[in-house]
Structure formats: structure tokens, C-alpha cells
1. Give me the pairs, please: first residue somewhere in segment 588-616 and among the polar types (S, T, N, Q), second residue anywhere and in a strand (DSSP E or B) and open to solvent by less than 70 Å² (accessible area, probe 1.4 Å), beta-carbon distance under 6 Å, and either six or more positions apart or on two chains.
2. Going by the conditions given, is residue 501 out of contact with any Pro (no Cβ under 6 Å at 6 or more places or on another chain) and either at positive phi or assigned to a strand (DSSP E or B) (or both)?
3. Test each condition in (1) open to solvent by less than 20 Å² (accessible area, probe 1.4 Å); (2) closer than 30 Å to residue 412 by Cα for residue 643 and report the one that comes out false.
4. Would you mention how many residues in segment 267-313 are at pLDDT 75 or above and open to solvent by less than 60 Å² (accessible area, probe 1.4 Å)?
5. For segment 647-660, does any single residue satisfy the condition of being open to solvent by 70 Å² or more (accessible area, probe 1.4 Å), more than 25 Å from residue 562 (Cβ to Cβ) and in a loop (DSSP other than H, G, I, E, B)?
6. In segment 523-562, what residues are part of a loop (DSSP other than H, G, I, E, B) and either charged (D, E, K, R) or farther than 24 Å from residue 619 by Cβ (or both)?
7. If residue 536 passes every condition in (1) surrounded by 13 or more Cβ atoms within 10 Å (Cβ to Cβ); (2) more than 27 Å from residue 625 (Cα to Cα) but one, which one does it miss?
Amino acid sequence: MKVLDFPLVRITFWFLAGILFFYYTKISLAISITALIISTIAFLILYFPSRKNKATIPFFGLSTYFTAFFIGGITLLLHTNSLQKSNYIHYQKAFKIPSQITFTLHEKLKSNSFSDRYTALINSIDDKAYSGKIIVNIAKDSTDNSLVIGNRIKAKTTLQTNKSNKNPNQFDYAKYLSDRQIYAQIYCTKTQFKINKIIQKDIWYYSDCLHQRIIHNLEKAHFNAVEMNVALALILGQQQEISADIIQDYQYSGATHILSVSGLHVGFIMLLINFILKPIPNTRKGSFIKLISVLTALSFFAVISGLSPSVLRSVVMFSFLSIGNHLRRTGNIYNTLLVSMLLILLFEPYFLFDAGFQLSYIALFFIIWLQPLLKKLWTPKNKIVVYIWDALTVSFAAQIGAFPLCLYYFHQFPGLFFITNIAIIPVLAFVMIAGIIVMVYAVFDTPPFFLAKILEKSIYLLNEIIHIVASIKSFVILDISFSFYFLISFYVLIFTTIIWFKKPAFLKLAMVLIAIIFVQISFIYTKKETETQKEMIVYNLKKKTIITIRSGKNIALFTNDNLLLKDSKNSTLSSYLVGNFAKIKSVNQLQNLIYYNRKKIFIIDSSGIYDKKIQPDILLLTQSSKINLDRLLTETHPKAVIADASNSNSIQKIWKTTCIKKNIPFHATAEKGYYKLK
């Protein structure tokens, strides 16, 4: 690809490599800065000779790339808040006992059944200056929630570290928060904190004020709550109040992307602004006026939508594309795309590990790269058909690009996504344009009743169309096992196929065939790896005891849960099955004795009955069994003791103390997560 000929593209790739390398290796900042200084000195020394002597150009290029590499790494380290001495993570006392914590509310998150949730910035702990971002969980009560972004709050509470996944192959929520520089949460009630009368008025405060004003004016226009929440998601990317059922419908129909602000939303804004400014001649001055108008509109849109990361990504990305278009550099659109990525990652390098960021850029890249090729496959003459065909080719290009990543992260595929896109194109176009007009109007005043109702009914129709498609669940493929090897090999195949399809040649065809072999190798390797693995898992599930024994792809399930004995479908088990390409071969009632890999596992339930003659390798305690553990350990001599989540926390603490005295390893799944025996 000719795009790789541009030096800035190669520099960006090395910058990305630096971020990835430093993320996984955890090199110290001192070593990194030393390496950067050396590479920068080499860059400066080789710069002037390279202009006169061509022999030194390769060495100058290497110094440039290494400098970009270390800039990427150091950028990541500087944005890792846990490495800063002022971060609250270094004040361990606050994690052990209640402390006076002062924080400022920063962003409203999606609430749950029990509490309102916010992100907040720490100001001080026990009157000592500390910094860092946390999640604040405030218990719901009968009183109205009068909190606003910018409120400075003091509460006496304990910092709690983010809980990691306690069962195998589950989404790692602790890592997800850590990549957003959130290392702890607090839980409190409204009676436990004091609110400072002075509000911190920054851009986040004014953004929230605009957002709340829009909601207030929409409510005054008697906008239905369900449709209003969808409108806020569609137009502003605010998904905090949207219901789980509607989100599921959008997922199953393949329309999830329209609920989060992406290129689709920003593209509609750009089209609307350009349409309004169409009478302005496309001269240098006219083009500049259009550019300033687009950039202003995008900035305003980012503010009223809450300045969320996904919004900022899309706005920055399309701002650069607008600038590139203004400069008449349409041939370098890939360059412009990478420059926008470079700028975003310079300010927030952890975006690189965000699924939304990856999907946004890969989808946009494929729209730019593949859509023109798909468009040439058919040239309809009717304008309406042309419009629909263009929209479909854009959708297909984006889906092809995002397909492997979606399977890797979400393990599902909506088979009717193309029907969804055909069905919703006219309605969605109208909703986006009408929605933007209504939202802008709502910033200043209550929208006219008829205008609000038109938008409300349009969204209702959109939801109904999506619900009808989503209800055909036989076309929704769930629980698709997809490994990292598959991800890489599929992208190699997609890229080589498109390169060959654009301009067929024997060498390119050979690359496609090699890519197919690469895919086959990834399947064979995964199959071999899966079939040779054996392990026993004791899961962490409240009030239940679940054990699986895996031999290759086959799993034997042992449980005391009557529902699981009848139907083995369970979200925890599904994650494990999908992650290990496995299937449940047998479901068994839990017995007191299980043998695995020449080890004897003895299970004691609520009855507390056991045989002194049994000398187990592992003792599994369940259902808060009433036993004298000290005597039991003396009589049975187990090598390890496990307590699953069916036991009460208080009794587990007593058992742990007993095992420590006896010098026997104790594993509580509620504390350490699932237990694995190989």
C-alpha cells in the first residue's frame, strides 16, 4: 500500500508499538527517559549528515523510529496515574479503615438498582493532598438526587479496590477500570457525606448543565421517557438511562453502533452543516468558512453530549478529516486518519486498549479503503437506489472491518445486520437530522410540541423495526469461540484478499493462499491446544456449588443446583465454554467424593458428615457446614482446603484462621476467585 510510503505513517506505527511494548513490559520511567535521550541525541547528530550523505539516511530513519517508539512508551507511563506519588493508591491506610475523603463529581455513569454512580476526582484524604479518579456509588433513597457535576463532597468511608473477575474467562472489570486510571470505588449513603456549597465550574460542569437543560426542556415538551432516552443515546451518545431490553434489541439486530456516538453521528452533523452552507462558493475563502463552521459545530456537539471519550474520539477524528479535505489532500486521507489517531493517543494513550477506539478506527479505515471497491460492483441509475446502495456498501465495509474484532470481544454475530441497515436507513436519517435540530433547540428553549412529537414517533418506529428484526433470534449467533490467533489470521486473510481484489496479480493471489493456510494453522493449533488441556474448576457462585472437569473439549459438570441439573445454561459457565472452545458432555448431581488426576477431592456439605478413614488430597467446604475444622484437619490430613461462595463470610474467616494455624493452604473463592486444579 502506497500509504506506507509516508514517513509520518511509519512514525505513528512506531509510536503505537512503543505504547504496546511499555504497556505489557512495565519498564521504569527512569530507564525509558534515558533511552529517549540517547535516541534523541542520535536523531540530532544524524539529522544534518543525512541531508548531504544518502548513506546515513537509513541510520537517521532508525533513530527517528526509536525516538517515536520511546515517546510512545513514555507518554503511556506519564498517563499511568498509579506511578504518580500523589495518587491515592499509595495511601494504603484509606483502603483499610474509614478516612475523610474529599472528592469532586466528574461524570454521571449508568445507575443500577441500588445506587447512583459517578466518576469523581480525589482532592484530599485525611486532609492530605492526593489525586486520582474513583467511582462513587451513592445508595438510592426516597429523596430526590440533587447532586450535580462539580459538587465537592466530603465523606468518611473506605476505599475499596476494584474487584477482579472471580470466575474463568469472564470480563475483567478491574483491568477495564485500571486502563481508565480508576483503581478504587467508594460506597456511601447521602447521610454520610457533606456537600460544599461552592461548585467547581469547569468545562465538565457546563457540559452537564447543557445536558440537563436539554433533558428538562424535552420533558417540558412531554417527550416520552423511553423514546427520550433512546434519543439521548442516538444523538448525544448518553446511554445512562436507556433500558437493558432496548440495548439487547439493538445488539441482536446488529445496530448497537448507532447507540454510541461514532462516525455515523458526526458524519450526519458534517453533512447537515455542509448542506446548509452549500450556497457558499467552494473558493479558498468559502472553504475556510465551511471548515470553521464544521469545527465549531463539532466542538459544540462534543460539549452538549458530555465530553465522553467516544464523543471526543469521533470529533477529533472527523475534525482532522475536515481539515485534510479543506487542504485538498484527499489522496492522503489515510495519513490524516493516522494523524488524528496520533494526536488522540498523545493526550490519552490508554484509548489504544479500548474496544470502542479500535472498532471506530478499523471501521472508518475499511469504509475509506473498501467501500469505493464495493460501490463499483453495481452502478444503479435511480437516485434513491443509489442512496440505498451507498449506505449498504458503507455498512458492509464497516462490518467486514469490524467483524473479527466483534467476534473476539463480544462472541456474537447478528446475522440480519444487513436487513436492519436496509430497514432503518430512511428512518435513521430522518431521526438524526430531526434529532439534531430538536437537541439544539432544547439547548435554548422548550422545543415546539409538534416537532418533539415527530421525533418521538420516529424513534418509536425505529425501535419497533429493530425489535422485529431482533426477535428473529434464530439468526443471532451467540457464544462464538474466537481466539487471538483467529483474530490475527482472519485480518491477514481479509487484508490480503482485498489487496488482491483491488488489483489482481499472481503474487497477491499467492499471498491470499498463504493467508488461508495461516487461518487453517490457527484452527489446527487451537484445536490441538484445546484437546490436550485438562483441568478441574471450582466456581465462585453465591449459594451454589459448581465444579467442572474438563478433558479437551468435553466438560463434566457437577452441581447441587437443581435448576442447573435440568438446564445447564448459565452465564458463568457460558463464558468458560466459549473461552475454551468446550461443550458440556454430562451433568451430574454433586457427590461427596470426586477423583481427578489421581487426587481425591472430598466435599462436605451442610450435613457436616464425613468419614475419618477418608484421607483426601483436597477438602472442599460448602453450604456453611457445621464442623469442627480443627478436629477434621487433624483426622483427615488434607493437603489443601477450599471454601466456595456457598459459605457465609463469617465462617470462612474462622476456617481461614484455623488453616493458618495448621499451616494448610486455604483458598476462599469469594476472596481469591475460582480454584483451578490441573
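1. So the pair list comes out as 588/558; 592/603.
2. Against the criterion (out of contact with any Pro (no Cβ under 6 Å at 6 or more places or on another chain) and either at positive phi or assigned to a strand (DSSP E or B) (or both)), residue 501 does not qualify.
3. (2)
4. 17
5. no
6. Once the filter is applied, which keeps residues that are part of a loop (DSSP other than H, G, I, E, B) and either charged (D, E, K, R) or farther than 24 Å from residue 619 by Cβ (or both), segment 523-562 yields 532, 533, 542, 543, 544, 552, 553, 561.
7. (2)
This table checks each residue for (1) within 21 Å of residue 344 (Cα to Cα); (2) modelled with pLDDT of 90 or more; (3) among the basic types (Lys, Arg); (4) assigned to a helix (DSSP H, G or I).
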| residue | (1), (2), (3), (4) |
| --- | --- |
| 9 | yes, no, no, yes |
| 14 | yes, yes, no, yes |
| 19 | yes, yes, no, yes |
| 23 | yes, yes, no, yes |
| 41 | no, no, no, yes |
| 47 | no, no, no, yes |
| 50 | no, no, no, yes |
| 60 | no, no, no, yes |
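The values are calculated or read from the model by the stated rules, or taken from the named source; none is laboratory data. The shown structure was predicted, so the numbers you read here are calculated from the model rather than taken from an experiment. Cβ atoms come from the backbone with ideal geometry, glycine included; neighbour counts cover every protein chain shown. Note: accessible area is taken over every heavy atom of the protein model, side chains too, but ligands, DNA and RNA are not part of it. Shrake-Rupley method; radii C 1.70, N 1.55, O 1.52, S 1.80 Å.
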